[in-house]
Amino acid sequence: MKRMRRYVRNNAVPLALLAPAVMIILVVVLLPLIFSFYTGFTNYRLIRPESLWDFIGLRNYARVLTDADFWAALWRTVLFLTVALNLEMLLGLCLALMVNRITWGQRTMRTIMMFPMMFSPILVGFQFKYMFNDTIGVVNNALQSLGLSQKAIPFLVDRWLAFGSIAFAEIWMSTSIFAILILAGLFAMPRDPIEAARVDGCTSWQVFRHITLPFLMPFIYIAMTIRSLDVARAYDIVDVMTGGGPAGRTELLWTLIARTAYDDARMGRANAMAYVSILLSIFFTWFFFRKLMAARQHLGAF
Amino acid sequence: MAEVSLRKVIKRYGQMEVVHGIDLEIAHNEFVVLVGPSGCGKSTTLRMIAGLEEISDGEIAIGGKVVNRLPPRQRNISMVFQNYALYPHMTVRENLGFSLKIAGKAREEIDRAADEAAQILGLTPYMDRTPGELSGGQRQRVAMGRAIVRHPDVFLFDEPLSNLDAKLRSQMRIEIKKLHQTVATTVVYVTHDQVEAMTLADRIVIMRDGHIVQTGTPLDVFERPVNTFVATFIGSPAMNLVDGMAEGGAIRLSDNVRVPLPHGFAALAEGQRVTFGFRADNLMPLGHGLAETGEVATLELPVSLAEPLGAETLLLAEIAGKEVQAKMMHPRPVSPGEVLKFQLALDYCHLFDAESGVRLERKRDHGTD
Ligand SMILES: Nc1ncnc2c1ncn2[C@@H]1O[C@H](COP(=O)(O)OP(=O)(O)OP(=O)(O)O)[C@@H](O)[C@H]1O
Ligand SMILES: [Mg+2]
């Protein structure tokens, strides 16, 4: 205690200067965190504030972990993440490679490429919702007038079609993140090893496979990390396009959590779910970050 | 057999022509060095041979087969790049074996070839490191090793030693020379260092502004430079050039410095303007150099600077206000401003046309000897 007091006295100025920052972090980050974590152990319902003191221990977590709907949503989220990230990566890679090849109008192409990112996800959701609508949507309309389909396809109703439609919207919106990061990698790429590989007997494909791709991997992993966090918290597009329905067929983690919290007003249970699903995000971040570090280590000489 | 032929090879970048119709025949197993100042088109020429650069016009043949349209991988060449261009994400072993792996060779064969190359180049202790963990000289050797594992028809080197320090450079120069003797292969070697060119080459090709200025053995280009450019480019220190005029059986370099016309130049017209060239080794203070057997002119010149190198001293003397370099064997201290008696070996002097810089040949027919 005495020691501490002396420490404070000796470092009064730095401590005083640090205090506001510490306070802000406490108030803005730590407090809500502790509060939400605490509510996970209560029977807190939004409409009955006094239930905040109704401590029920681990019951919320037990319920969540035995809830089939929760697991279904979790599984669907992982699937959604896998599908969206992989397709975005492939498309972004193709896009970047193509843009990298063109010599004329490249700046314009780069700008155009970013257009989808300029819209709010909610608006993108609405746009695709109307495009995929089974009675008035342009997609159905086009398919029918071209004679490719006899009757309206229920894009947003059928389980897998709805899943695909949402993934399509997500991919449309975010492929450019991959494309831009990979393009940055391509710009930074040294020409020499590529030429050396060509002399060493590589075909264009082999050059790509053995030289270009390893060099791009760190950039891909950075994009993966960003996007995995992004997709793991996906809510807006899904909520607008299908609202998690019909009958929970497209429910993802966060639409389920939001429904539990605001429609059912079970804030305590929702927070418990949220903490479980955050583990998922942490896992993905950790996973890609480790990959990133490993890939970067190899490239030390660049 | 892998002779390399360049026939009227032209390279254009857009409208700009940077290599202007080069003709060059390189024999099987010959070590040819392309040398020239920066930007003269050496790398471009080499890269056209490698297939990394398209040939705008003309023809390149390797082993008698025209390769204009063949991609690099079908030319059976190896190239060592100026910046080594190692594969950064592969270990030394993988770097060495990469071309064989691409060629679909068996694992044991790849390993054997990589080990053998590592043995030759002293890389055995570093096989499991990545290029990032190697020094410049070690990287350079990996680059070389990568080139030799393939047993290519032609080796191409683009200034492989330019990033090394002087000591390592001379060491690697010897390695390369040895390498050429062990794995007999045609070599095209680019450098802008004339010492490298002289020591390594069977034949030197001197380039300037996208043209070949002279081709010949190192001695050839040293002893009989075709013009003042080659004369100053080849040899160290550079050849001294002094402007003068033929006058009464002598060359007048300045009002009080005249040099008798060397043998074979009797036909020089009175009053013809020439550039008189000689190397430092052929201008020595009296008593401080080899006794010359041939014709010798004696000149009294003021010395402005002495650079002692140990066994010899490099002197800066003045002729007609122009500084020329001379050599002093068995040196003694010389103070600036001192006037020394110099001996100039006329047999080793060169004359160039003052306008065009083209070499004036000696006429042998006088035969006085
Ligand atoms: N991609 C290019 N586009 C336009 N001009 C080029 C290009 N590459 C090279 N050049 C020009 O071609 C000429 C020859 O270049 P090159 O690289 O062959 O020179 P070099 O002799 O290898 O010089 P150095 O000793 O500096 O390497 C230079 O004038 C250079 O500016
Ligand atoms: Mg060059």
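The values are calculated or read from the model by the stated rules, or taken from the named source; none is laboratory data. These numbers were taken from a predicted model, which means no experiment stands behind them. Every residue, glycine among them, receives a Cβ derived from its backbone with ideal geometry; neighbour counts consider all protein chains shown. Keep in mind that these areas ignore ligands, DNA and RNA; they rest on the heavy atoms of the full protein, side chains included. Shrake-Rupley method; radii C 1.70, N 1.55, O 1.52, S 1.80 Å.
The largest accessible area among B:28, B:350 belongs to the first residue in B:28, B:350, and the rest follow in falling order (1.4 Å probe, all chains).
Scoring B:268-274, A:193-199 by mean Cβ neighbours within 10 Å over their residues and listing the highest first yields A:193-199, B:268-274. For helix B:92-102, report the angle its Cα long axis makes with the longest principal axis of the Cα atoms of chain B; keep it between 0 and 90° and round to the nearest 10°. Value to nearest ten degrees: 70. When a 1.4 Å probe is rolled over the protein heavy atoms, the share of accessible surface on the protein assembly as shown that falls to carbon and sulfur comes to 58 percent.
On a per residue basis, the protein assembly as shown carries 51 Å² of accessible surface, using protein heavy atoms and a 1.4 Å probe. Along the range B:271-284 the Karplus relation, 6.51 cos²θ - 1.76 cosθ + 1.60 evaluated at θ = phi - 60°, assigns HN-Hα couplings of x, 5, 8, 9, 10, 9, x, 7, 9, 4, 5, 9, 10, 9 Hz to successive residues, with x for each Gly and Pro.
Derived scalar couplings between HN and Hα for the range B:115-128 equal 4, 5, 4, 4, 4, 4, 9, x, 9, 3, x, 10, 4, 9 Hz in order, rounded to whole Hz, by the Karplus curve 6.51 cos²θ - 1.76 cosθ + 1.60 (θ = phi - 60°), x for Gly and Pro. Contact order, relative form, for the range B:4-230: 29 percent (alpha carbon pairs under 8 Å, 6 or more residues apart, mean separation divided by residue count).
Near residue B:214, the amide H atoms lying under 5 Å from its own belong to B:206; only residues 5 or more places off or on other chains count, and H is placed 1.01 Å from N.
Burial of accessible area (probe 1.4 Å, heavy atoms of protein chains only) in the range B:64-106, relative to its chain alone, reaches at least 30 Å² for B:72, B:73, B:81, B:85, B:87, B:88, B:89, B:98, B:102. Highest GNM mean-square fluctuation among A:131, A:224, A:241, for chain A modelled with Cα contacts below 10 Å: A:131. For residue B:318, the residues 5 or more places off, or on other chains, whose built amide H falls under 5 Å of its own are B:304, B:324. If you plug the beta carbon distance of residue A:265 and residue A:114 into 1/(1 + (r/R0)^6) with R0 = 51 Å, you get a FRET efficiency near 0.80. Within the range B:4-230, DSSP assigns beta bridges of which about 50% are antiparallel (rounded to the nearest 5). As a calculated quantity, the FRET efficiency between residue A:126 and residue B:119 at R0 = 45 Å, using C-beta atoms, amounts to about 0.05. Largest first, the residues B:134, A:148 sort by 1.4 Å accessible area into A:148, B:134. Projecting label points 7 angstrom from Cα along Cα→Cβ for residue A:17 and residue B:18 puts them 5.4 nm apart. Under 19 Å from a label point set 7 Å out along the Cα-to-Cβ vector of residue A:35, the amide N atoms of the range A:244-279 belong to A:258, A:261-263, A:265-275.
Near the amide H of residue B:250, within less than 5 Å, lie the amide hydrogens of B:261, all on another chain or at least 5 residues away, with H placed in the peptide plane. Here residue A:163 sits with roughly 20 square angstrom of accessible surface, probe radius 1.4 Å. In this simple spin-label model, placing a label point 7 Å from the Cα along the Cα-to-Cβ direction at both residue A:62 and residue B:361 gives a separation of 10.9 nm. Under a Gaussian network description of chain A, with springs only between Cα atoms under 10 Å, the residue in A:77, A:66, A:175 that fluctuates furthest is A:66. Shown for the range B:107-130: residues covered by the partner protein chains by 10 Å² or more of accessible area relative to the chain by itself (probe radius 1.4 Å), namely B:130.
Computed with a 1.4 angstrom probe on protein heavy atoms, the A-B interface buries about 2000 square angstrom of accessible area in total. Between B:145, B:21, B:310, the residue with the greatest mean-square fluctuation in the GNM of chain B (Cα pairs under 10 Å linked by springs) is B:310. Note that the range B:233-241 has calculated 3J(HN,Hα) couplings of 7, 9, x, 9, x, 4, 4, 6, 10 Hz, one per residue in order, obtained from phi through the Karplus relation 6.51 cos²θ - 1.76 cosθ + 1.60 (θ = phi - 60°); glycine and proline are x.
Spin-label model, residue B:296/residue B:151: points 7 Å from Cα along the beta carbon direction are separated by 5.7 nm. Helices of chain A meeting both criteria, an alpha-carbon length of 30 angstrom or more along the long axis and an average Kyte-Doolittle score not below -0.5, with helices taken as full DSSP H segments, are A:68-101, A:159-188, A:267-298.
Helix-only estimate, please: 222 nm mean residue ellipticity of the protein assembly as shown, summing -39500 (n - 2.57) across DSSP H runs of length 4 or more and dividing by its residues, to the nearest 500. Here the helix-only value at 222 nm equals -13500 deg cm²/dmol. Here the range B:333-352 is scanned for amide nitrogen atoms under 18 Å from the site 7 Å beyond the Cα of residue B:254 along Cα-to-Cβ, giving B:335-344. The listed residues A:15, A:279, once ranked by accessible area (1.4 Å probe) with the largest placed first, stand as A:279, A:15.
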